[in-house]
Each structure stands twice: as C-alpha cells, then as structure tokens.
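Asks: The following block contains the structure, expressed as structure tokens.
The values are calculated or read from the model by the stated rules, or taken from the named source; none is laboratory data. Since we're looking at a predicted model, the values are computed, not measured. Here the Cβ is made from the backbone with ideal geometry for all residues, glycine too, and neighbour counts use every protein chain on show.
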Amino acid sequence: MIANQAPADEYREVAGRFTELVEGVPDEATWNRRSPVPEWTARDVVGHLVGWFPGFLAGGAGVTLPRGPGVDEDPVAAWRTLSDGVQAVLDDPASVDKVLVNPHIGEVALPRAIAQFFTGDVFMHTWDLARATGQDETLDPQRCAALLDGMAPLDELLRSSGQYGPKIDVPDDADVQTRMLAFIGRDPG
C-alpha cells in the first residue's frame, strides 16, 4: 500500500498495531461489544480475519497456515497464530517466487497478494476493533491516503462485491482517515 515498502515490513507494521489492540482488550465483556461493522462484535472482527484468509491462501497458493484455537475460545491466541504464520510466509525468501492464482484476480505474486488483500483488510479492521474496544482509533494517515487512492477507481467494483457498505457523506475538507473510513462505509462519527 505504501510505495517502496516491502510486503513483509508492511505486514509487520500493520499487524503489529492490530496485535496491540487484540492484546489490549481488557476482558470478555469487551470482546462482545458491537463493532462499527453491522452485526459484528469485537470478537467477530478478529474472527473475520482469522476465518477467511487461510482458505484464500491455501486455495490460491497451496500455502497452509498454522491453526490456532478458535476465536470463540481464545481470540488473542487465534489472531497471534494466524498473524505469526502470515509473517513467516512473508519472511520466507522462497515466497518471492510463489504465485497466488484466483479466478477473480488472476495470477498475483504471493507477497503482493498478501499485501493487497490481507494487509489492507487488517488495516481497515484495525479501526473497527479499536472503536469496538474503546482503544486508540488513530490510523496512519499516509496508509489511509494510499488505500483510499487505490480503492477510489474501483468504487463500483468494490460496492458490487458486497464487502463494502455504501459510502458515508463527510465534508470535503475531512481528514484522510475520516474520508477513507467513509469510503468503505464506516460512519466515522
């Protein structure tokens, strides 16, 4: 997402922030709080990330990530196991030569596919988890701008995927985090 940042370094940074939030959830009751994503709790935010990506990676690149406990049982350990596995894939020099194949996106170099589809998802859901758990919601403005610039031309495609809600109207002079959140259908207010 940010120019000239290696996928492994980018993931380390983005996932590190998400991990801080996961580990910062103080108690079971907080895991059950509503998130900004309709119908999701804080636990569901983690469950989404832990749930969809292993199959995407296995089906498209033949890479099997380690399985941890379920999110219902231990959301912190579930996230750490997945995240550590993704980081290990990105840190493995052999990953540079692997390709992810998917009928919707074609062939994409594995590190780029992880950066484009998973790291970006983790980054966006960082705000959701922070909001749901009452933690610091501040996102990196440079990364927000890069993500927004990359998604804006794909507006119609993204909306038709069902993965993004309708855009929220915000003032033209809103900060980049607010504009990015509004673009993906989150009400920043």
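Asks: So, Leu148, is that one farther than 18 Å from Phe123 by Cβ and either without any contact (Cβ under 8 Å) to a residue 24 or more places away in the chain or not assigned by TED's automatic domain parsing to the domain that holds Leu49 (or both) or not?
Replies: The answer is no for Leu148.
Asks: Can you list residue pairs whose Cβ atoms sit under 7 Å apart, with the first residue in the stretch 1-27 being at pLDDT below 95 and the second being among the aliphatic types (A, V, I, L, M)? Count only pairs 6 or more apart in sequence or on different chains.
Replies: So the pair list comes out as Met1/Ala115; Met1/Ala146; Met1/Leu147; Ile2/Ala146.
Asks: Quick check on my filter: what residues within the stretch 123-180 are under 17 Å from Val37 (Cβ atoms) and not in a helix (DSSP H, G or I)?
Replies: Gly134, Gln135, Glu137, Leu139, Ser161, Gly162, Gln163, Tyr164, Gly165, Pro166, Lys167, Ile168, listed by residue number.
Asks: Here is a follow-up. Being aliphatic (A, V, I, L, M), touching a residue at least 12 places away in the same chain (Cβ under 8 Å) and assigned to a strand (DSSP E or B) is the filter here, so list the residues in the stretch 64-122 that pass it.
Replies: If the condition is that a residue be aliphatic (A, V, I, L, M), touching a residue at least 12 places away in the same chain (Cβ under 8 Å) and assigned to a strand (DSSP E or B), then Val99, Leu100, Val101, Ala109 are the ones that fit.
Asks: Do you know which of the residues in the stretch 37-48 that are touching a helix residue (DSSP H, G or I) at 6+ places or on another chain (Cβ under 6 Å) and modelled with pLDDT of 95 or more is surrounded by the most Cβ atoms within 10 Å (Cβ to Cβ)?
Replies: Per the stated criteria, the residue is Val45.
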